[in-house]
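Remarks on the structure that follows.
The values are calculated or read from the model by the stated rules, or taken from the named source; none is laboratory data. This structure is a prediction, so every number in the text was calculated from the model and none was measured. Note: ideal-geometry Cβ built from the backbone for every residue, glycine included; neighbour counts use all protein chains shown. Accessible surface is based on the protein model in full, side chains and every heavy atom, while ligands, DNA and RNA are left aside. Shrake-Rupley method; radii C 1.70, N 1.55, O 1.52, S 1.80 Å.
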Amino acid sequence: NMSKCNVILDSSVSRTAFINRSMRVFFSECCVSVCRSGAWRVGGLEVSTGKVSSIEAMNGSTVLLPCTYSSCIGIKNLYFNWKYNDNGTFLKLCEAEIPTEKVEPKVHVFHERVEFVGSSKTNNISILLWNITFEDEGEYTCFARNPKEKNRNHSAIFTLIVVDQMKEVDNTLTVIIVSVLGGVIGLVILIMVIKAVVLHVLHKGNEKTKECLVSSSGNDNTENGLSGAKADNKATPKA
């Protein structure tokens with residue numbers, strides 16, 4: 001009986017441990033997937049270089065290589081670095097570790113023309129690349145690892161294109177559209193002005209016509225009155 005109880009107890013403990021482990025795995029996966037969808041903010045380190053993952057810049061200019069990170073459950077000793085892909089060889093440009101949120105990291109820079117301009121207060125780990133040359137063209141990888149999420153890591157690639165001069169934008173179509181719209185608006189204004197002048201002239205003409213009619217009517221009444229008076233005088237008999 002005791003052996004049966006031990007077997008039952010061991011079986012119960014194993015089943016409980018299995019369920020607990022399964023639940024932890026399930027919720028861990030749910031946290032990551034739900035965090036990515038934005039429906040429930042509870043997990044998943046993400047690194048982003050913004051909506052535009054490439055930039056075209058002139059030779060000799062200074063370029064911002066943007067990168068931000070986010071973690072729904074927070075960070076602890078977050079490690080990050082920037083690397084340049086030199087024909088398959090990854091050259092480390094800088095690296096640092098952020099102890100906790102809102103604490104600025106001590107960044108180690110390995111390239112003389114690289115400057116760290118990010119801040120942990122805004123989850124920003126961007127860098128500047130000064131006086132770029134054609135040799136700087138290529139892919140730059142922003143990498144981060146969060147020990148608080150069992151060393152979950154994520155990276156994003158930003159592509160730099162170096163040109164001798166910026167392309168001139170052909171504004172011919174824009175100029176044509178603006179000219180046409182300007183012409184249409186000017187024509188509408190001219191028509192409205194002509195309409196206003198015509199209405200004003202017609203209004204003045206109507207007023208003069210009314211004055212003439214009133215004057216003519218008054219004269220007719222006066223003449224009629226005088227004629228009637230003469231007729232009355234003639235009809236008066238002599239005493």
- Item | Potential extension, V198-R113 segment - 0.36 nm per residue separation minus Cα distance | 23.4 nm
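With every protein chain present, what is the per residue accessible area of the range 41-161 (1.4 Å probe, Å²)?
Working: 6370 Å² over 121 residues.
Accessible area per residue: 53 Å².
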- Sites F134 and I176, calculated FRET efficiency, Cβ-Cβ separation with R0 41 Å, nearest 0.05: 0.65
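What is the range 41-161 by shape, rounded, prolate or oblate, if you read a ≥ b ≥ c off the alpha carbon gyration tensor as root eigenvalues and call it rounded for a/c under 1.5, prolate for a/b larger than b/c, and oblate otherwise?
Values: a/c = 1.99, a/b = 1.81, b/c = 1.10.
Prolate, because a/c is 1.5 or more and a/b exceeds b/c.
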- Query: Expressed as a rounded percentage, what relative contact order does the range 41-161 have, with Cα pairs under 8 Å and six or more residues apart?
  - Reply: 34 percent
- Candidate residues F116, F158, F134: accessible-area rank, largest first, probe 1.4 Å: F134, F116, F158
- Query: For I177, what accessible area in Å² do you get when you roll a 1.4 Å probe over the heavy atoms of the protein chains, rounding to the nearest 10?
  - Reply: 90 Å²
- Query: Roughly how many Å² of C72 are accessible to a 1.4 Å probe, to the nearest 10?
  - Reply: 30 Å²
- Provide V162, V198 ordered by accessible surface of protein heavy atoms (probe 1.4 Å), highest first. V198, V162
- Under a point spin-label approximation (7 Å from Cα along Cα-to-Cβ), what is the K92-Q165 distance to one decimal in nm? 4.2 nm
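Tell me the carbon and sulfur percent of the accessible area for the range 41-161, rounded to whole percent, probe radius 1.4 Å. Before the final figure, lay out each step's value.
Details: 3210 of 6370 Å².
Summing carbon and sulfur atoms, their accessible area is 50 percent of the total for the range 41-161.
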